[in-house]
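Before any comments, here is the structure.
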């Protein structure tokens, strides 16, 4: 029988028993725990972000030559950073094309586990730092509707995250006033599909609930697109694509649309 190291015993003792009947070990993914409220999560993220942002800028500067001297694209650089509060942040720096090499994109995220894997993605939308929470259900749908049809069912969660940000392009958002517990809703557009959710304005918090691929929207009758804006234009100029889907989609007077959040 294998001996258990003292360090392992200490780690086991650190595990927290939650009211969801599973163990969550600190520092496995993050210090975020399922019992936290949305307000507590947002406060934790915003407390971490100033120091994390400086770390990202330093790392970007020290790896600038990797991008500027690149010949083959995409170019990806990844690193992790542990905050003083114990959160293990991850960063993907990427230049998808040659014209992005002088200013590579930066994707910061924090993984968490709560009945599946999700990520927190801080992003500046307009003038505020918004906290975008890609829920486990989003990743379930992304896997079913985007990865598996493209032969990628066996990749790890980390590879799923990298694939999503590498292939989605720059996000575009449409916001709407809604009746979902008094919160505003939104549609996020990518090159390959759209995601839906709700906003808690006072917290700058966006909860991403689900994903629909472009092939599903257009019954596999759509070519590869160069940007999220292209998909948005196609969607808003052809609302007839959604009429036959009944209560699943709602068309607004301004031609914006969203998925019924109760449909899972």
_Failed criterion for residue 104 (all others in (1) in contact (Cβ under 8 Å) with a residue 12 or more places away in the chain; (2) over 13 Å from the mean Cα position of the chain (by Cα); (3) surrounded by fewer than 20 Cβ atoms within 10 Å (Cβ to Cβ) hold)_ = (3)
*Out of (1) under 21 Å from residue 169 (Cα atoms); (2) at pLDDT 50 or above; (3) surrounded by 11 or more Cβ atoms within 10 Å (Cβ to Cβ), what's the single condition that is false for residue 256?*
(2)
*On the given criteria, is residue 140 within 14 Å of the chain's Cα centre (by Cα), in contact (Cβ under 8 Å) with a residue 40 or more places away in the chain, outside any loop (DSSP other than H, G, I, E, B) and within 26 Å of residue 37 (Cβ to Cβ)?*
no
*Could you list all residues from region 180-218 that are part of a loop (DSSP other than H, G, I, E, B) and touching a residue at least 12 places away in the same chain (Cβ under 8 Å)?*
181, 190, 191, 192, 204, 218
_For the condition at pLDDT below 80, more than 23 Å from the chain's Cα centre (by Cα) and either under 24 Å from residue 135 (Cβ atoms) or assigned to a strand (DSSP E or B) (or both), what is the one hit in 11, 21?_
21
_Can you pull out every residue in region 218-239 that is in contact with a strand residue (DSSP E or B) (Cβ under 7 Å, 6 or more places away or on another chain) and either under 23 Å from residue 160 (Cβ atoms) or surrounded by fewer than 17 Cβ atoms within 10 Å (Cβ to Cβ) (or both)?_
228, 229, 231, 239
*asked:* Name the residue that is surrounded by the fewest Cβ atoms within 10 Å (Cβ to Cβ), counting only residues in region 171-213 that are modelled with pLDDT under 90 and out of contact with any strand residue (DSSP E or B) (no Cβ under 8 Å at 6 or more places or on another chain).
replied: 179
*Quick one: would you say residue 94 is more than 23 Å from residue 35 (Cβ to Cβ), in the same structural domain as residue 161 (by TED's automatic domain parsing) and touching a helix residue (DSSP H, G or I) at 6+ places or on another chain (Cβ under 7 Å)?*
no
*Exclusive hit being free of Cβ contacts under 8 Å to residues at least 24 places away in the same chain, buried (at least 16 other Cβ atoms within 10 Å of the Cβ), outside any helix (DSSP H, G or I) and not assigned by TED's automatic domain parsing to the domain that holds residue 50, set 121, 163*: 121
*Look through region 82-99, keep the residues that are touching a strand residue (DSSP E or B) at 6+ places or on another chain (Cβ under 8 Å) and surrounded by fewer than 17 Cβ atoms within 10 Å (Cβ to Cβ), and return whichever of them is nearest to residue 162 (Cα to Cα).*
88
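The values are calculated or read from the model by the stated rules, or taken from the named source; none is laboratory data. Computed from a prediction, not measured in an experiment: that's the story for all the values here. All Cβ positions, glycine included, derive from the backbone under ideal geometry; neighbour counts span all protein chains shown.
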